[in-house]
Every structure is written in structure tokens, then in C-alpha cells.
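**Q** Handing you this structure, nothing more for now.
The values are calculated or read from the model by the stated rules, or taken from the named source; none is laboratory data. It should be emphasised that the depicted structure is a prediction, and the values quoted were computed from it without experimental measurement. Glycine gets a Cβ as well: all are built from the backbone with ideal geometry, and neighbour counts include every protein chain shown. Calculation scope for accessible area: heavy atoms of the full protein, side chains included, ligands and nucleic acids excluded. Shrake-Rupley method; radii C 1.70, N 1.55, O 1.52, S 1.80 Å.
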Amino acid sequence: MNHERVEQLVRELLSEIGENPEREGLLKTPYRVARALEFLTSGYRTNVAEMINGAIFHQQTNSMVIAKNIELYSMCEHHMLPFYGRCHIGYIANGRVFGISKLARLVNLFSRQLQIQERLTEQIARCIKDTIEAEGVGVIIEARHLCMMMRGVEKQNSMMVTSSVLGSFHDSAATRNEFISLINHSCS
Ligand SMILES: [Zn+2]
């Protein structure tokens, strides 16, 4: 990302919306926006294989692995406004499992791009399935979209839920139901 160019574009944008980019409070804003954008879109510049490298372990198990309530922050590709929520992941391994922190990193990687929630859900599921050749994968994302809450229909409490099920999670209703009940189960 070319920071100077992005900073110039942000200065122009500020002028266009009726601001004065030279006033004191805004002087460093283009600098900050460029850095924030670089972080929020770092998924474009992160290599999945490199990120996962070294964090896949051999283990003979057929039990379902669940990682739930993974925080998620992304930006919608239609308005470049944030959507945020939680991601729940389940998979049944086929000889290989993920290191525990890697699932959260995968969520971050795909979230830090301009997204639609449906594709984000699908990409996370597909990546897990392909990377460890899992027998089955399920991903559920619950998220609130600022483009709906702050503008447009202004529905502050609406939550969008998307799911992607692959392999045995797709083929077997029993497996899918086990996934759903584990997601809903509370340990407290
Ligand atoms: Zn939007």
C-alpha cells in the first residue's frame, strides 16, 4: 500500500465532504487513516499457507473440535463500513488438527479484507476443510452491520446469521445437530 498516495486521497475526501483538512484536529488524520486501513485490509497481504505453517498437528481423532465466540471485525464491501460479531467453528479432523490460536488467526485474515458476510463464512470453512482435509466443517457467523445500523434502514438490533457446512456437516443431519448443540451449550 502506498501511504503517501492514500494520505493524499484521504485529504481530498475530507475536502469533498465539506471539511478543512488543514484544521488542527484533522492534520494527522490522513496519516492515521492510512495506517488504520493498512491494518484493516492486511488480509490482502497475508499468505494463508505461511500463516498456518507449523501449526498443524497429527492426531488420530474423530471427535468434533469446537471453537466458539471468536470475535470478528470486518468491513462490508458495499459501504466500507464495519460489521462485527462472533464466529463459531466446528470440524471433525481426518488425522490432522489446527493449533488452537490458528483458527482465530484464520478468522482475522479473511475478516481483514472488504467482505460480504456470506463469502467470509464460506472462505473460513473452505480454508479449514482444504488445509487439514477435514472430514467435515461448520462455520456460523453472527454479525451486526453498521451500514444497516447507522444508515439505510437504521435497524439497530438486527443480527445477520450465516452458516457454511461442508463434508459430513453437510451430509449428516446428526453431525450438524451435534455442532449446533455444542455451539449453544454453555459451560457456566
Ligand atoms: Zn454495507
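**Q** Measure nothing but the geometry: give the 0 to 90° angle between the long axis through the Cα atoms of 173-184 and the longest principal axis through the Cα atoms of the chain, rounded to 10°.
**A** So the inclination is approximately 50 degrees.
**Q** When the chain is modelled as a GNM with alpha-carbon springs shorter than 10 Å, which of Gly43, Gly95, Gly136 fluctuates the most?
**A** Gly95
**Q** Lys68: which lysines have alpha carbons under 29 Å from its alpha carbon, excluding same-chain residues fewer than 8 sequence positions away?
**A** By straight Cα distance, Lys68 reaches Lys102, Lys129, Lys155.
**Q** Quantify, in whole percent, the carbon and sulfur part of the accessible surface of the chain (1.4 Å probe; protein heavy atoms only).
**A** Values: 5570 of 10910 Å².
Carbon and sulfur atoms account for 51 percent of the accessible area of the chain.
**Q** Are there GluC sites (Glu not before Pro) in segment 1-79 that DSSP puts in a loop and that have at most 14 other Cβ atoms within 10 Å, and which ones? Could you put the intermediate results ahead of the total?
**A** Working: sites: Glu4, Glu7, Glu12, Glu16, Glu19, Glu22, Glu24, Glu38, Glu50, Glu71, Glu77; in loops: Glu19, Glu22, Glu77.
Here the GluC sites (Glu not before Pro) that fit, given the DSSP loop and packing criteria, are Glu19, Glu22, Glu77.
**Q** A further question on this structure: Set Lys and Arg Cβ to +1 and Asp and Glu Cβ to -1, take the dipole of segment 70-118 about its Cα centre, and tell me which of Ser74, Phe110, Phe98 lies farthest positive.
**A** Checking the options against the dipole of segment 70-118, the answer is Phe98.
**Q** So which trypsin sites (Lys or Arg not before Pro) in segment 98-188 pass both tests, a DSSP loop state and at most 13 other Cβ atoms within 10 Å of the Cβ? Spell out each step's value before the answer.
**A** Details: sites: Lys102, Arg105, Arg112, Arg119, Arg126, Lys129, Arg144, Arg151, Lys155, Arg176; in loops: Arg112, Arg151, Lys155.
Of the trypsin sites (Lys or Arg not before Pro), the ones in loops of segment 98-188 whose Cβ has at most 13 other Cβ atoms within 10 Å are Arg151, Lys155.
**Q** Residues of segment 53-141: accessible area per residue at 1.4 Å, in Å²?
**A** Values: 4080 Å² over 89 residues.
Value returned for segment 53-141: 46 Å² of accessible area per residue.
**Q** Could you check how many percent of all C-alpha pairs in segment 100-177 are farther apart than 15 Å?
**A** Considering segment 100-177, 62 percent of its Cα-Cα pairs are separated by more than 15 Å.
**Q** Let me ask you something else. For Leu81, enumerate residues with amide H under 5 Å from its amide H, sequence gap 5+ or separate chain, H modeled in the peptide plane.
**A** Cys76
**Q** Count neighbours as other Cβ atoms within 10 Å of each site's Cβ, and list the trypsin sites (Lys or Arg not before Pro) in segment 1-76 that are DSSP loop with at most 15 such neighbours. Write out the running numbers ahead of the final one.
**A** Details: sites: Arg5, Arg11, Arg23, Lys28, Arg32, Arg35, Arg45, Lys68; in loops: Arg23, Lys28.
Listed in order of number, the matching sites are Arg23, Lys28.
**Q** Mean-square fluctuation check for the chain, GNM, Cα pairs under 10 Å: which of Ser168, Ser74, Ser63 is largest?
**A** Ranking Ser168, Ser74, Ser63 by mean-square fluctuation puts Ser63 first.
**Q** Would you compute the Debye intensity of the chain from its alpha-carbon atoms alone, equal scatterers and no solvent, and pass along log10 I(q)/I(0) at q = 0.19 Å⁻¹ to two decimals?
**A** -1.26
**Q** Now for a different question. Using each residue's phi in segment 34-51, evaluate 6.51 cos²θ - 1.76 cosθ + 1.60 at θ = phi - 60° and report the 3J(HN,Hα) Karplus result to the nearest Hz, with x for Gly and Pro.
**A** Listing the rounded values in order: 4, 5, 4, 5, 4, 5, 5, 10, 5, x, 5, 10, 10, 8, 4, 4, 5, 5 Hz.
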